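Here the structure is laid out as C-alpha cells; the discussion comes afterwards.
The values are calculated or read from the model by the stated rules, or taken from the named source; none is laboratory data. Not measured: the values here are computed from a predicted model. Neighbour counts run over all protein chains shown; Cβ positions are idealised from the backbone, glycine included. For accessibility, only protein heavy atoms count, side chains too; no ligands or nucleic acids. Shrake-Rupley method; radii C 1.70, N 1.55, O 1.52, S 1.80 Å.
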Amino acid sequence: MLKHAISLLLIVSMSLSACSSQNQSSPELEVSKEETAVIHSEEKNESNVSTEPQVDHAETDTLNHPLEETNTEKAGSQHITPSTDETPREVLVKKTYHMNSNYVIKPNDESSPAKVVLLTFDDGPKDKKMITSLIDTLDKHHAKAIFFLNGNRVKRQPELLKVIHERGQIIGNHAWDHEDLKKMSSSEAKKQVTDVQQIVKDTIGEEPRFFRPPFGSGNDALKDTVKEQGMLYMTWSNGSLDWDKTTKNKPDKVIHNVLDQLHPGSNILMHELPWTVEALDGLLTKLENKGYSFVDPRAIELQTQ
C-alpha cells in the first residue's frame with residue numbers, strides 16, 4: 001500500500017509539473033504570433049514600396065531644368081543657352097565660312113561647299129503678313145536669312161521682331177534710322193548702332209551679330225564701332241534691285257537681277273517688299289536647281305578675312 005501511495009503521489013506531481021510548464025509556454029507562443037503578424041505586415045509594406053519606380057534625384061533635376069547642359073554638351077559644335085518662358089534658345093553653329101573684303105562668303109576649307117548664297121532682307125520689320133510669308137518660304141527650302149532691321153521700326157512694332165526671332169531667323173542691325181551714317185558725326189553714327197543693339201536685346205534677349213549700313217554707306221569710324229559691338233560689318237555682293245522703280249511689282253525681274261549677278265558666295269540684298277515676297281519661292285528653287293545651297297548666317301566668322 002505504501003509503495004502504491006508513493007507511486008500515485010509521483011504521478012500527480014509529474015502531471016502538475018507538466019501543466020505548469022504548458023501554461024508558462026502559452027504566452028510566449030501568443031507573443032510569437034503577434035510578432036510574426038507585425039513582420040508579415042512590414043514585409044508587405046516593403047514589398048509595396050519596392051514595386052514603385054526609383055527616381056534618381058539627378059534625373060529629377062534634369063527634368064525640372066531641361067535647358068541646363070552638361071560639360072560634354074558644351075564641348076559640342078552647337079551650344080544651347082538657357083532661356084525662359086517661350087523665348088527660343090540661342091544656338092551657336094560651328095564657324096565654317098567667312099566673308100572676304102568684297103563681302104563674298106567663302107568656305108574656311110574644302111570640306112564646306114563653295115556654291116552657297118547668303119540671303120538677306122533689309123528695312124524691316126514692316127508687315128506681319130509679308131514677314132510670315134517670307135519665313136514660310138525660307139522654311140520650305142530649309143534656309144536661314146539675316147533680317148536687317150531699323151530700330152525705329154522695331155520700336156513701333158516690337159512684336160514683328162519677336163516673330164522673326166521665334167521662327168529661327170537671324171536678326172541684323174540696320175541702324176536706328178534709314179539715313180546715311182557716313183554724313184553723321186562719329187558719335188551720332190555710333191548711337192544709331194548701339195541704340196539698335198539695346199532695343200533688340202531688350203526685346204528678345206540677344207544682340208545682333210551682323211551690321212549693314214543704310215545705302216551701304218560707312219567709314220572706318222563706323223566699322224570700328226561695329227567691331228566694338230561684336231558684329232560683322234557688311235554691305236552686299238549681289239543686289240536684287242527690288243527697291244528700284246524699274247523692278248516694282250515685277251517678281252520675275254527680282255529673280256532675273258539676282259541670277260544675272262550670281263556667283264559662288266553671293267551676298268544677296270533683298271527687301272521686305274510685296275514683289276520680293278512673291279518672287280522668293282521661285283528664286284530659291286532656281287538657285288537650288290543650279291546647285292546652290294543657303295549658308296546659315298550663324299556659320300559665318302564675325303571677322304572679315
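Rounded to the nearest 20 debye, the dipole size of the range 195-244 about its Cα centre is 140 debye, using +1 on the Cβ of Lys and Arg and -1 on the Cβ of Asp and Glu. Charging the Cβ of each Asp and Glu at -1 and of each Lys and Arg at +1, and nothing else, the dipole of the range 260-305 about its Cα centre rounds to 140 debye. Each other residue within a Cβ distance under 14 Å of L283 adds +1 if Lys or Arg and -1 if Asp or Glu, for a net charge of -1. For the range 104-117, the Karplus equation 6.51 cos²θ - 1.76 cosθ + 1.60, evaluated at θ = phi - 60°, returns couplings of 9, 8, 10, x, 6, 7, 6, 6, 10, x, 8, 7, 10, 10 Hz by residue, with Gly and Pro reported as x. At the residue level, D122 shows approximately 10 square angstrom of accessible surface with a 1.4 angstrom probe and all protein chains present.
Around the amide H of H271, modelled in the peptide plane, lie the amide H atoms of D122, all under 5 Å away and 5 or more residues distant in sequence or on another chain. Of the residues T137, T96, the one with the largest accessible area comes first in the ranking T96, T137, computed with a 1.4 Å probe on protein heavy atoms. Identify the trypsin sites (Lys or Arg not before Pro) of the range 219-296 meeting these criteria: DSSP loop state and at most 15 other C-beta atoms within 10 Å of the C-beta. Answer in residue order: K245, K248, K290.
Surface listing: R156, R298 arranged by accessible area from highest to lowest gives R156, R298, probe 1.4 Å. Computed over the range 125-228, the alpha-carbon pair-distance distribution with 5 angstrom bins reads 2, 13, 25, 22, 17, 12, 6, 2, 0, each value a whole percent.
Ranked by solvent-accessible area (1.4 Å probe, protein heavy atoms only, all chains present), the residues H256, H165 order from largest to smallest as H256, H165. Ligands, DNA and RNA are left out, and with a 1.4 angstrom probe the accessible area of the range 139-201 is 47 Å² per residue.
The HN-Hα couplings worked out from phi for the range 219-233 by the Karplus form 6.51 cos²θ - 1.76 cosθ + 1.60 (θ = phi - 60°) are 8, 5, 4, 5, 4, 5, 4, 4, 5, 4, 7, x, 10, 9, 8 Hz, whole numbers, x standing for Gly and Pro. The fraction of all Cα pairs in the range 238-289 landing in successive 5 Å bins from 0 to the largest distance is 5, 24, 37, 24, 9, 2, given as whole percents. Expressed as a fraction of 2.2 N^0.38 Å, the value expected for a compact globular protein of N residues, the C-alpha radius of gyration of the range 155-305 is 1.10. A simple charge model with +1 on the Cβ of Lys and Arg, -1 on the Cβ of Asp and Glu and nothing else charged puts the dipole of the range 97-156 at about 360 debye relative to its Cα centre.
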